[in-house]
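Reading through the structure tokens given below for one structure.
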Amino acid sequence: EKGGWDSYMDKEIHEEPLAVSDTLLGRFSVDGDLNLDEVRIDEDVFRSIDKIVVIACGSASYAGLVAKYAIEHWVRIPVEIELAHEFRYRDPILTPRTLVVAISQSGETMDTLMALRHAREQGSRVLAICNTQGSTIPRESDAVLYTHAGPEIAVASTKAFVAQIVAAYLLGLYLAQVKGTMYRDEIRQIVDNLKAMPEKIQWVLDNQADVIAQTADRMAKAHSFLFLGRHVGYPVAMEGALKLKEIAYTFSEGFAAGELKHGPIALVDEGEPVVVIVPSPRGRDVLHNKVISSIEEVKARGAFTIAVAEVGDPDVEHYADVIFWRPECSTLLSPLTDVVPLQLFAMDMAKLKHYDIDKPRNLAKSVTVE
Ligand code: BG6
């Protein structure tokens, strides 16, 4: 069933181009308007939404954090991300104008389900972004947007994660459409750019596997990893670190690159591997330049630097020891390509250690207890 792949994770990473294109499929009417799957919410209610609260656990929460950058930019309403188990046991501020978005691959995560019920009791509408048709979370939600990633077997989420970002972006564009915060042409442009992403992910899979495997070889004995990113690169850094923890059992932490000088740089010692997600160099804007300086700073303290960067970046080569390249794309869409080398890297590290890639110790695919 693994279709010739060594592991389900390997297979599922290679299905990411398809997961993205399938999640985009059939969402648009002939006039280009976006559609959700199951909606028990009036368009007027969507129009009145003034805040989004994303509830999720693990990788799904990082997908939500990526979407925050896009949705706030497109829809101009605040988007908060909260771990479902934290949200549930405090007194969150919810109103009928709050849209709670529950993101879950399995649709059965108890922490997320309990948070969803709590939100509905407070009178908020809940929209589920889910990969499993008919599971509990979508059944109990007011609206559903399915990720069409196909069944995900490996415990560590890969293709579901990229599909969650796509679905959350579609929700953002849908809200921009009903609220009129963007021109139709702008929405179409972004949709077209999204449709070009499967090919870009495929490029990474086809062209970067060797350098990633060689880097894993070099790093096999490393005890810990730091991951740095800014803007959408920050949740990507956290997701990259999570993959390494989950399947390679290697201590790793993702940080916002701007936090470096406020603490994490004290961890950097001779040979410490630091993975940096570099934003697009176009215009060499502040975001790009600041991340390049972060690489410089850790390099000056002896770090072994691994960058994920856009093909043709003229600055990164001066500072990075190794580069995982990705094709050109807009900053907001870059998480869809940038997470891919990090998933492959974690998988290669786990392979070297002969760990069970699909069933890491102590973890379950779907955690149905609180
Ligand atoms: C964890 C899984 O226990 O639950 C993660 O190991 C997953 O891979 C998280 O991201 C959330 O699961 P779900 O099904 O709600 O997306």
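The values are calculated or read from the model by the stated rules, or taken from the named source; none is laboratory data. Because the structure is a prediction, the values reported are computed rather than measured. Note that each Cβ is placed from the backbone with ideal geometry, even for glycine, and that neighbours are counted across all protein chains shown.
So the values come out like this:
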{"quantity": "Residue that is farthest from the ligand (Cβ to nearest atom) [pool: residues in region 98-133 that are more than 21 Å from the chain's Cα centre (by Cα) and within 15 Å of R40 (Cα to Cα)]", "calculated": "G123"}
{"quantity": "Single condition G254 does not satisfy, out of (1) assigned to a helix (DSSP H, G or I); (2) free of Cβ contacts under 8 Å to residues at least 40 places away in the same chain", "calculated": "(1)"}
{"quantity": "Yes/no for V144 being away from the ligand (no atom under 11 Å from the Cβ), within 30 Å of R184 (Cβ to Cβ) and either charged (D, E, K, R) or part of a helix (DSSP H, G or I) (or both)", "calculated": "no"}
{"quantity": "Among the candidates E1, E12, residue that is farther than 28 Å from S124 by Cβ and loosely packed, with under 13 Cβ neighbours inside 10 Å", "calculated": "E1"}
{"quantity": "I292 vs. criteria more than 18 Å from the chain's Cα centre (by Cα) and within 29 Å of E72 (Cβ to Cβ)", "calculated": "yes"}
{"quantity": "Residue within region 12-21 that is out of contact with any Pro (no Cβ under 9 Å at 6 or more places or on another chain) and either outside any helix (DSSP H, G or I) or more than 16 Å from the ligand (Cβ to nearest atom) (or both) present", "calculated": "yes"}
{"quantity": "Selected residue [assigned to a strand (DSSP E or B) and of a type in the set (A, V, I, L, M)] from A266, A309", "calculated": "A309"}
{"quantity": "Test: residue in region 76-86 that is within 26 Å of S157 (Cα to Cα), of a type in the set (K, R) and under 23 Å from the mean Cα position of the chain (by Cα)", "calculated": "no"}
{"quantity": "Every residue from region 192-221 that is within 12 Å of S21 (Cβ to Cβ) and part of a helix (DSSP H, G or I)", "calculated": "L194, K195, M197, P198, E199, K200, I201, Q202"}
{"quantity": "Pairs with Cβ under 8 Å, 6+ apart, first in region 332-360 and under 30 Å from E72 (Cα atoms) and modelled with pLDDT of 95 or more, second of a type in the set (D, E, K, R) and surrounded by fewer than 24 Cβ atoms within 10 Å (Cβ to Cβ)", "calculated": "S334/E310; L336/K200; T337/K200"}
{"quantity": "Exclusive hit being within 16 Å of the ligand (Cβ to nearest atom), of a type outside the set (V, I, T) and either within 21 Å of V79 (Cα to Cα) or surrounded by fewer than 24 Cβ atoms within 10 Å (Cβ to Cβ) (or both), set G172, G150, G180", "calculated": "G150"}
{"quantity": "Residue among E239, E246, E270 that alone is among the acidic types (D, E) and closer than 28 Å to C329 by Cα", "calculated": "E239"}
{"quantity": "Residues of region 269-294 satisfying the condition of being without any contact (Cβ under 8 Å) to a residue 60 or more places away in the chain and not in a loop (DSSP other than H, G, I, E, B)", "calculated": "P273, V274, V276, R282, G283, R284, V286, L287, H288, N289, I292, S293"}
{"quantity": "Matching option when the condition is buried (at least 17 other Cβ atoms within 10 Å of the Cβ), more than 16 Å from the ligand (Cβ to nearest atom) and either on the phi > 0 side of the Ramachandran plot or more than 19 Å from the chain's Cα centre (by Cα) (or both), among I201, I187, I137", "calculated": "I187"}
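Results for (1) in contact with a strand residue (DSSP E or B) (Cβ under 7 Å, 6 or more places away or on another chain); (2) within 18 Å of D338 (Cα to Cα); (3) at pLDDT 95 or above, shown as yes or no for each residue.
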site	(1), (2), (3)
F225	yes, yes, yes
V232	no, yes, yes
K243	no, yes, yes
T250	yes, no, yes
P264	yes, no, no
P273	yes, yes, yes
S280	yes, yes, no
G283	no, no, no
